[in-house]
Amino acid sequence: MKHRWLLPLLLLLAGSAALAGEPCLVHLDGSAPLGEALERCALEAAERQVEAPDRFESLSYRFGGADSVKGSILRVTVAAADGPNQAGIVQLTLRLEGDTIGQARASVRGTVNGPALVPVRHLQRSRPIDPDALEMRDLDLTRLAEEPLRSTEGLAEWVPLRTLSAGRPLTPSLLAPRPLVRKGDVVALQVQRGSLTVSAQGLAFADGSAGQTIPVENTGNGARLLAQVQTDGSLQVVRGPQRSRR
């Protein structure tokens, strides 16, 4: 997907036919300025900047000038393209080939529209996401800084970082791995001492996902420790002990 949220787009380097698309032919009969004649080429080039399932819908076009070029028929290719940015603007440099060769600059403003998962009701912070609370909608995605989520596959392993309002497109930065341990849980605690593993019970002082390190208290002796959450929901001590103050 060629979006501003994936990478800055500098397209159509010389010899890259995959990026160039089909050349556009412009017939100059003197009845319209060059900028108007090139408009169709520029709009087509802007639309190619966005890949399915998204689409670019142009709103306005501006011609920035061209080098002197002669010929009644111009072969137009894209020398460089940047965007669309979060304002919906695509900047283009067009290569014009006729009896002589020149360049033109143009900018196209529009919107990026496409499908995205949105909640139909509030999603609570750190709580599992109910698939029935989501639906797919066709939205204006222009101002999104990253690609939206389009499938519920794998969402069972993620939770909202904060409470999310209904109608807001879901994006990866709004989610965090689902906690395997909750603050206040009493969980299995393992302490590695050389080749010996000592098991105990621990009281979690924070939520934690697999791989995260959280504070925990050994319920047997009151020692405060730091432990890493394991994929089975147990805790492996990585630092400690420190006596808790009571």
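Here are a few things to note about the model shown:
- Search result, residues across region 97-113 that are surrounded by fewer than 23 Cβ atoms within 10 Å (Cβ to Cβ) and within 23 Å of the chain's Cα centre (by Cα): 109, 111, 113
- Here residue 108 meets the list (1) touching a helix residue (DSSP H, G or I) at 6+ places or on another chain (Cβ under 8 Å); (2) free of Cβ contacts under 8 Å to residues at least 60 places away in the same chain; (3) more than 27 Å from residue 233 (Cα to Cα) almost entirely, failing just condition (2).
- Subset of region 81-96 [more than 16 Å from residue 39 (Cα to Cα) and surrounded by 13 or more Cβ atoms within 10 Å (Cβ to Cβ)]: 82, 83, 84, 85, 86, 88
- Test for residue 202: is it without any contact (Cβ under 8 Å) to a residue 40 or more places away in the chain, out of contact with any Lys or Arg (no Cβ under 7 Å at 6 or more places or on another chain), buried (at least 17 other Cβ atoms within 10 Å of the Cβ) and not in a helix (DSSP H, G or I): yes
- Selection over region 23-68 of residues that are surrounded by 12 or more Cβ atoms within 10 Å (Cβ to Cβ), within 30 Å of the chain's Cα centre (by Cα) and not charged (D, E, K, R) gives a count of 11.
Every residue, every condition in (1) assigned to a helix (DSSP H, G or I); (2) within 22 Å of residue 144 (Cβ to Cβ); (3) outside the structural domain of residue 144 (by TED's automatic domain parsing), yes or no:
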position: 38; (1), (2), (3): yes, no, yes
position: 64; (1), (2), (3): no, no, yes
position: 70; (1), (2), (3): no, no, yes
position: 87; (1), (2), (3): no, yes, yes
position: 105; (1), (2), (3): no, no, yes
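- From the options 239, 193, 182, 178, residue that is surrounded by fewer than 16 Cβ atoms within 10 Å (Cβ to Cβ), within 33 Å of the chain's Cα centre (by Cα) and basic (Lys, Arg): 182
- Residue check for residue 97: acidic (Asp, Glu), in contact with a Leu (Cβ under 9 Å, 6 or more places away or on another chain) and without any contact (Cβ under 8 Å) to a residue 60 or more places away in the chain: yes
- Failed item in (1) part of a loop (DSSP other than H, G, I, E, B); (2) out of contact with any Pro (no Cβ under 6 Å at 6 or more places or on another chain); (3) under 17 Å from residue 175 (Cα atoms), with residue 117 passing the rest: (1)
- Output for region 123-160, where each listed residue is out of contact with any Lys or Arg (no Cβ under 9 Å at 6 or more places or on another chain), in a helix (DSSP H, G or I) and loosely packed, with under 15 Cβ neighbours inside 10 Å: 131, 132
The values are calculated or read from the model by the stated rules, or taken from the named source; none is laboratory data. Just so you know, these numbers come straight off a predicted model, no measurement behind them. Positions of Cβ are generated from backbone atoms using ideal geometry, with glycine treated the same way; all protein chains shown enter the neighbour counts.
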